[in-house]
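Taking it in order: structure first as structure tokens, then the write-up.
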Amino acid sequence: MSSSAAPPVQLTSTPRGDVLVIRVDERRLDARVAVGFKSQVSAMVEGGALVVLDLSAVAFMDSSGLGALVGVLKQCGRRGDLALAGVTASVLELLKLTRMDRVFALHDSVDGAVAALGGEAA
Amino acid sequence: MATLLSTLHLPARLDTVAFAGALARHACEAVGLGDVATMRTEIAVVEACTNVVEHALRLDETCSYTATFEADGDALVVTIRDAGADGAPYAQAPSTDEPDPDALAEGSYGVPLIFAAAREVAFRREDGHNVLTLRFDG
């Protein structure tokens, strides 16, 4: 049996007023990294925080990644407190197939997502 | 009659699942599937292989599984075969209810994704092996 620990996920956080922008610098948000992703993001996010997840570098996401996003959504407290920015075509297709594109707030850009959450302009 | 494009033999490790996804994309191009069909194919193949690695073979990297890609007219047929525990989740198509925003699950999206992404899903147990066949077109 494999005993490898979850690999660290490359995340960069930037506060923009009351909004925390977390850029996910991983090409794949999948079963290999989903547990670590959720753990690391949880450590960055205080209960009830306003969060933008910048997914513009994520070319592919699977159901494990989706589950991790749901975990972050729940941690943010309310559906209006988490926005996804820069979702790529494949990730959007997965969200559509699961109908979760109707659950997450999706924005083309980080600036648009931050503005929607009432944060500071860049 | 289907034409074999490629067969992958992969150890049961999560970091190798992406190889099956990448080959799925190339197989879609070979068959002439469009962008949306290609994305759906990669999604379904990755989900299916991840299920094999995590559930059927339980992350035992001494075990392996195969993914076979065949062109059948204008469709791509992907067959994933493993010798692990019985793959019961494919026996029945899952519910297609809208997600409840007030009661979201943090898991169990994988099998519904496969059924949503593939044109056809067929599963059988054969000689101690799980055999999952997915068909994609468009």
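The values are calculated or read from the model by the stated rules, or taken from the named source; none is laboratory data. In this text, all values refer to a predicted model and were calculated from it rather than measured experimentally. Methodologically, a virtual Cβ is constructed for each residue, glycine included, from the backbone with ideal geometry; neighbour enumeration extends over all protein chains shown. For the accessible areas, the whole protein counts, side chains as well, though only heavy atoms, and no ligand, DNA or RNA atoms are used. Shrake-Rupley method; radii C 1.70, N 1.55, O 1.52, S 1.80 Å.
For chain A, what does the alpha-carbon gyration tensor say about shape, rounded, prolate or oblate, given a ≥ b ≥ c as the root eigenvalues, a/c under 1.5 as rounded, and a/b over b/c as prolate? Because a/c hits 1.5 or more and a/b exceeds b/c, chain A counts as prolate. Across all C-alpha atoms in chain B, the radius of gyration and Dmax reach 14.6, 48 Å.
Accessible surface of A:H107, taken over heavy atoms with a 1.4 Å probe and every protein chain present, rounds to 50 Å². What you get for region A:1-73, charging only the Cβ of Lys and Arg (+1) and of Asp and Glu (-1), is a dipole of about 120 debye around the Cα centre. Computed from Cα atoms, the angle from the helix A:63-75 axis to the main principal axis of chain A rounds to 40 degrees. State the Cα centre-to-centre distance between region A:81-118 and region B:1-42 in whole Å. Computed from Cα coordinates, the inter-centre distance equals 27 Å. Dipole magnitude for the protein assembly as shown: about 200 debye, using +1 per Lys or Arg Cβ and -1 per Asp or Glu Cβ, origin at the Cα centre. Total buried accessible area between B and A, probe 1.4 Å, nearest 100: 2500 Å².
Comparing B:L76, B:L57, B:L104 in a Gaussian network model of chain B where C-alpha atoms under 10 Å apart are linked, the largest mean-square fluctuation is found at B:L104. Bridge orientation summary for chain A: considering DSSP beta bridges with both residues in this region, about 30 percent are antiparallel. Counting, for every residue in A:93-104, the Cβ atoms of other protein chains within 10 Å of its Cβ and taking the mean gives 5. Peptide B:7-19 shows a mean partner chain C-beta count of 3 within 10 Å per residue C-beta.
Other residues with beta-carbon under 12 Å from the beta-carbon of B:E47 carry, at +1 per Lys or Arg and -1 per Asp or Glu, a net charge of -3.
For chain A, carbon and sulfur atoms together expose 48% of the accessible surface, with a 1.4 angstrom probe and every protein chain in place. For the residues A:L92, A:L20, A:L84, a GNM of chain A with alpha-carbon springs under 10 Å puts the largest fluctuation on A:L92. Which of rounded, prolate or oblate describes region B:1-45 when judged by the alpha-carbon gyration tensor and an a/c cut-off of 1.5? The shape class here is oblate. The accessible area of A:D111, taken with all protein chains in place and a 1.4 Å probe, comes to roughly 90 Å². Out of the total accessible area of chain B (probe 1.4 Å, heavy atoms of protein only), what percent is carbon and sulfur? Carbon with sulfur: 49 percent of the solvent-accessible area.
Once you've got the GNM for chain A with C-alpha springs shorter than 10 Å, pick whichever of A:L55, A:L82, A:L97 has the biggest mean-square fluctuation. With Cα springs under 10 Å in chain A, the top fluctuation among A:L55, A:L82, A:L97 is at A:L97.
Taking all protein chains into account, the per residue accessible area for the protein assembly as shown stands at 46 Å² (1.4 Å probe). Taking Lys and Arg as +1 and Asp and Glu as -1, the other residues whose beta-carbon sits under 14 Å from that of A:L66 total 0.
Using the Cβ of A:A49 as centre and a radius below 10 Å, the other residues enclosed give a net charge of -3, where K and R count +1 and D and E count -1.
Volume per residue of the convex hull around the Cα atoms, evaluated for the protein assembly as shown, comes out as 118 Å³.
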